[in-house]
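The structure appears below as structure tokens.
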Amino acid sequence: MSQRRPAARHSLYAYAWDLAGRDTRSTVDEILDLGVDGLSLAASYHAGKFLRPRVSGPGKVYFPEDGTIYFNPQPSRYRAIQPKPHSSAAMRQVAYDLASDGRLPLSAWTVLFHNTRLGEAHPELTVKNAWGDGYVYAPCPMQPALADYAVDLSNDLARTLPWQSLTLESPGWTPFAHGYHHEFAQVRSNLWLDTMLGLCFCDACQSNARQQGIDAAGLASRIRTRVDGYLAGPADAAADQASAWLTADLLEDQELAAFIRMRQNYVTQLVARIRSEIPAEVALYIIPTVQRPTAQTWLEGSDLKALAFAADGIEVPFYEPDAGRVVADAVDTVRRVGDASRVRGILRPGVPDLGDGAQTGAALDGLRGQGIEHVGFYNYGMLRGGALAGLRGVLKARK
């Protein structure tokens, strides 16, 4: 059996579009000079609009192809759903060139179920809210064909290139408030409302619920009544009110709590399945949430402790305005997981986090103080030159 490759202590997140067409050796020289010893490269990603401060020509504002992969897949490794390779061979070549250079341990940063292209191609497999509306940006992981796709994509990635690890993002449900472009509402968002609007009642979710004795149809009916009543009212709830409502609903509506726990158990089982399918020498880490603070990760079907042990660990985006909030969230995350060695962190060493990057060192030291030794930094192409220089100073001072 092959040996597992050493893990990077400090990695840099990057997109292929920021590296394509460049001389690989000089690019790796530049990245190593920052003081990092690994690269988390997007291998599957969704749509977006990216401002790239250090680009001086065309591509200053970049729109990636939605829901494509950045490597050359093996079609025979897939069942019903095939991935969509990026149309540019140069984009797909980046991972191979970095692997050939060999100086940076690579992690395949892989978005699973936040994928509008997949939703448009398979609307029958998307999340359906309590009113039956489909969310095109949110394929539902409970759908068997999509679960197979997640396993197949992970397995193909792990066997195609010499990755040190796979870092899987969005293994569960995409939150209601994190999804589509040009979102319109003249009602203020809050945690209670977003939770109610984000729950999925597609055929697969309802079938799984019935098998566990949960009346999903009845729950959906109660959610419709609650939300319709709220939206017919005269005022929006403040953040603390909405949080209290959600807590009360979870305590009072046992089927709501059971439904959310069902989702968590399912995502954990899916991650365990992926871990069993990919080669043992490739580590598996899960980005469990886009929520802040991390404790709200259950909204997406993530159970922090269970995922940390179903995989080799979790990689948490500690995206906060100051180092104190990073440390507080790390304390709680480690407490929930119970083993700091299974927690990695991600920091944004510039705008809008950590005092625009000035508190990066304090945040890094705070994570180390909680036993979190492996930290990634987001994102190579989106940071100003001064922020990259600041990161270099922070890391070199701590070697």
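The values are calculated or read from the model by the stated rules, or taken from the named source; none is laboratory data. Predicted model, so just to flag it, every value in this text is computed and none were measured. Please note: Cβ atoms are built from the backbone with ideal geometry, for glycine as well, and neighbour counts cover all protein chains shown. Only protein heavy atoms, including side chains, enter the accessible area calculation; ligands, DNA and RNA are left aside. Shrake-Rupley method; radii C 1.70, N 1.55, O 1.52, S 1.80 Å.
With 0.36 nm allotted per residue and the present C-alpha distance subtracted, the SER189-ARG384 stretch has 67.1 nm of extension available. A straight line joining the Cα centroids of the stretch 149-191 and the stretch 80-140 runs 8 Å. Ordering THR126, ALA145, LEU161 by the projection of their Cα atoms onto the charge dipole of the stretch 123-191, which places +1 on the Cβ of Lys and Arg and -1 on the Cβ of Asp and Glu, puts THR126 at the extreme positive end. Quick one: among THR225, THR167, THR360, which has the greatest mean-square fluctuation in a GNM of the chain with alpha-carbon springs under 10 angstrom? Result: THR225 has the largest fluctuation of those listed.
For the chain, the Cβ-based charge dipole about the Cα centre amounts to some 880 debye (Lys, Arg positive; Asp, Glu negative; other atoms uncharged). In a solvent-free Debye calculation with one equal scatterer on each Cα, what is log10 I(q)/I(0) for the stretch 278-355 at q = 0.18, 0.23 Å⁻¹, listed in the order of the q values? Values, matching the q order: -0.69, -1.04.
Return the FRET efficiency for the residue pair ASP101, ARG77: r is the Cβ-Cβ distance, R0 is 30 Å, and the value is rounded to the nearest 0.05. Once rounded, the FRET efficiency stands at 0.70.
Give me the net charge of THR110's neighbourhood, meaning all other residues with Cβ under 13 Å from the Cβ of THR110; Lys, Arg count +1, Asp, Glu -1.
Charge balance in the 13 Å sphere: -4.
Placing unit charges on the Cβ atoms of the charged side chains and taking the dipole of the chain about its Cα centre, the candidate lying farthest along the positive direction among SER88, GLN241, GLN264 is SER88.
Put a dot 7 Å past the Cα of LYS305, heading toward its Cβ, do the same for SER221, and the two dots end up 3.6 nm apart. Given their separation in residues at 0.36 nm each and the Cα-Cα distance between them, SER26 and GLN211 gain 61.0 nm when the chain is fully extended. Modelled spin labels at ARG335 and ARG54, positioned 7 Å past Cα toward Cβ, are 3.9 nm from each other. On the principal axes of its alpha-carbon atoms, the stretch 252-399 has extents of 49, 42, 28 Å, going from largest to smallest.
Comparing SER11, SER189, SER302 in a Gaussian network model of the chain (Cα springs below 10 Å), the most mobile by mean-square fluctuation is SER189.
Averaged over its residues, the chain has an accessible area of 41 Å² per residue, based on protein heavy atoms and a 1.4 Å probe. Under the convention that each Lys and Arg Cβ holds +1 and each Asp and Glu Cβ holds -1, the size of the dipole of the stretch 345-399 around its Cα centre is about 240 debye.
Gyration tensor analysis over the Cα atoms of the chain returns equivalent ellipsoid semi-axes of 34, 25, 21 Å (largest first, whole Å). Decide, for the stretch 1-109, between rounded, prolate and oblate: order the square roots of the alpha carbon gyration tensor eigenvalues as a ≥ b ≥ c, take rounded if a/c falls under 1.5, and otherwise choose prolate if a/b is larger than b/c, else oblate. Note, shape of the stretch 1-109 comes out oblate.
Listed by chain and number, the aspartates and glutamates whose C-alpha is less than 20 Å from the C-alpha of LYS396, apart from same-chain residues fewer than 8 away, are ASP29, GLU30, ASP33, ASP37, ASP356, ASP365, GLU373. A compact globular protein would have a Cα radius of gyration near 2.2 N^0.38 Å; the ratio found for the stretch 105-261 is 1.17.
Within the listed set ALA239, ALA258, ALA158, the Gaussian network model of the chain (springs between alpha-carbon atoms below 10 Å) gives the highest mean-square fluctuation for ALA239.
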